[in-house]
Amino acid sequence: MERMSTLDAGFFFVEHPGVPMHIGSLAVFEGPAPSYSDLSALFAAKLPKVRRYRQVVRTVPLQVFRPFWVDDEQFELSYHLRHAAVPPPGKPAQLRELAGRVFAQRLDRDRPLWEAWFIEGISRGRWAIISKVHHSMVDGVGGSDLLAELFDLTPEAASPRRVEPEPWEPAAGPSAAELVLGGAVDTITWPARQIAELPGIIARRLPSAAELASFGRGLTGSARRLAEPSASSLNGPISPNRRWTWTTAKLDDVRRIRQATDVTVNDVLLAAITSGFRDLLSARGELTDDLVVRSLVPVSLRGPDEDQPVSNRISAILVNLPVSEPDPKRRLEALHYSMDDLKRTKQAAGAEFLTGLLGFAAPSLLALGSRAAFRIPQPLVQTVTTNVPGPRFPLYLLGRTLTELYPYVPIGDNLRIGVAIFSYLDRFTFGITADYRAVPQADLDLLAHGIKRGIAGLKALRGGCGYLLPRPAGADAGRLLGDDVGARLGVLAADLMRMDVIGNAGAIEYANLIKLAGLAQ
């Protein structure tokens, strides 16, 4: 029996029938499609490498103890590996519609919290796997993911039928006495362990007095950013159903923009998403001066060598997307300074510290607080944006080449749109999730086209950005003026290595593939 961490339990508690909390992906392969039995044999051979995929979550009445993982004594692979076909003619529109319906369905909480859908009938003889895994299981960087274990680096993979699955006998679940005694001991010792870990969190994230002071100054800037007017139509009640679509950008285009403007890849991608939201809000007649779209950007807090235990190790920062700025160069500049300031002042450490404090709460209060925080209407966050870099080399499954990979990110109560970004081979893919009732398909298409248009607009930029342009007006400018450029770049480089802004939702496959190739970010 293994108990959930505070953050994992939070992801588990906030889910309800209208808000599924799984992340996922759509992986498209060249044909011919394998047989279901061959694919099932491959899954069976790889399951021993990912113990969580044969475990279920158990809770006790009134949530008096933390949820815990136990082996599923009734595990059946065929329940999790499903088989379906895209309706004719199998074009992207039909594939998106099918994937959107699959992603909208909540995972069965009485079973291990994952599904994989084997999809046939795609045009040009292609086939796909739709992967879904609950956010309480992985954070995109830590632990292993089953789909990542399936991939090979060469097409010459052994037939799965030649690989005998390891024998597996589920461990017996805890008795009533063990459950009560273990829960009571955990209730007493868990807060003590959390207290003991808090100084370590501060020491790791803010190791010097200067960095602690910088963090404090950054809190003032974060408070000012929260006061800026935001796009209210992106908040509101949501239904259980989802729309999902994608758009793409060439890796070379993004790299050229980055090099021409002296910013980061993340800055460029966020600027493209800002362009998409600007087009959407303009079409709705809601674009006003100083308007922003405030995005929650997940941050991985793992080091390159951290992959155990299998749990979430993430924090988040709030970034204002400057949708009211009509000039693409100034939008990019504003995002660059904002991201630089957030990283330099290590604002993600605050969210991590808060998560540690939540560990003191009784599980019943944690469950109640998590649900209340997500369901009470709030105007602070309008969207979530997550980005995880992937491999630049081809991957294979049963000898077939993975040609396309699209991410899915869940949306929570009161958030109507979310964006996830994957990169694979020579392009970035943007997966856009939206509430079915609140966001018409025309709006979703407008956002996707706006992202693509944003990349096109940035390609036309010439000359430097960042420190090479005049400082932006506003509160952040005073802190930036007078800083030594070389020192600041050194601090920024250290921050990026220690706390790279890479996402969590929908990104589990890429993170593990990077580890597989020995190229962990």
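The values are calculated or read from the model by the stated rules, or taken from the named source; none is laboratory data. What you are looking at is a predicted structure, and each value in this text was computed from that prediction instead of being measured. As a convention, Cβ positions derive from the backbone with ideal geometry for all residues, glycine included, and neighbour counts pool all protein chains shown. For the accessible areas, the whole protein counts, side chains as well, though only heavy atoms, and no ligand, DNA or RNA atoms are used. Shrake-Rupley method; radii C 1.70, N 1.55, O 1.52, S 1.80 Å.
The slack between Lys452 and Thr288, meaning 0.36 nm per residue of separation minus the straight C-alpha distance, is 56.8 nm.
Label positions at Arg437 and Glu156, each projected 7 Å from the Cα along the C-beta direction, are separated by 5.7 nm.
Here the extension length gained between Arg111 and Leu380 equals 93.4 nm, from 0.36 nm per residue of separation less the Cα-Cα distance.
Give the residues of the stretch 70-98 whose amide nitrogen is closer than 11 Å to a point set 7 Å from the Cα of Ser123 in the direction of its Cβ. Under cut-off, by backbone N: 89-95.
Per residue, the solvent-accessible area of the stretch 1-55 (1.4 Å probe, heavy atoms of protein chains only, all protein chains present) comes to 27 Å².
Per-residue 3J(HN,Hα) values for the stretch 395-406, derived from phi via the Karplus relation 6.51 cos²θ - 1.76 cosθ + 1.60 with θ = phi - 60°, read 10, 9, 9, 6, x, 9, 7, 6, 9, 9, 9, 10 Hz in sequence order (x marks Gly and Pro). Sparse packing (at most 12 other Cβ atoms within 10 Å of the Cβ) combined with a DSSP loop state is found for the following GluC sites (Glu not before Pro) in the stretch 1-87: Glu73, Glu76.
Each residue, Ala460 and Arg392, gets one label point 7 Å from its Cα in the Cβ direction; the gap between the two is 2.9 nm. Note the full-extension length gain between Thr401 and Asp262 as 0.36 nm times their separation in residues minus their Cα-Cα distance, in nm to one decimal. Residue separation times 0.36 nm, minus the Cα-Cα distance, leaves 46.6 nm.
Taking 23 Å as the limit for the C-alpha separation, the pairs Lys132/Lys459; Lys91/Lys459; Lys250/Lys459; Lys250/Lys329 exceed it in the case of Lys132/Lys459; Lys91/Lys459. Post the alpha-carbon centroid distance, the stretch 28-106 to the stretch 388-462, in whole angstrom. If we compute the Cα centre of each part, the gap is 22 Å.
In terms of packing, defined here as the mean over residues of other Cβ atoms within 10 angstrom, the peptides 420-427, 239-246 line up highest first as 420-427, 239-246. Taking the accessible area of the stretch 1-130, probe 1.4 Å, and keeping the other protein chains in place, the carbon and sulfur fraction comes to 52%.
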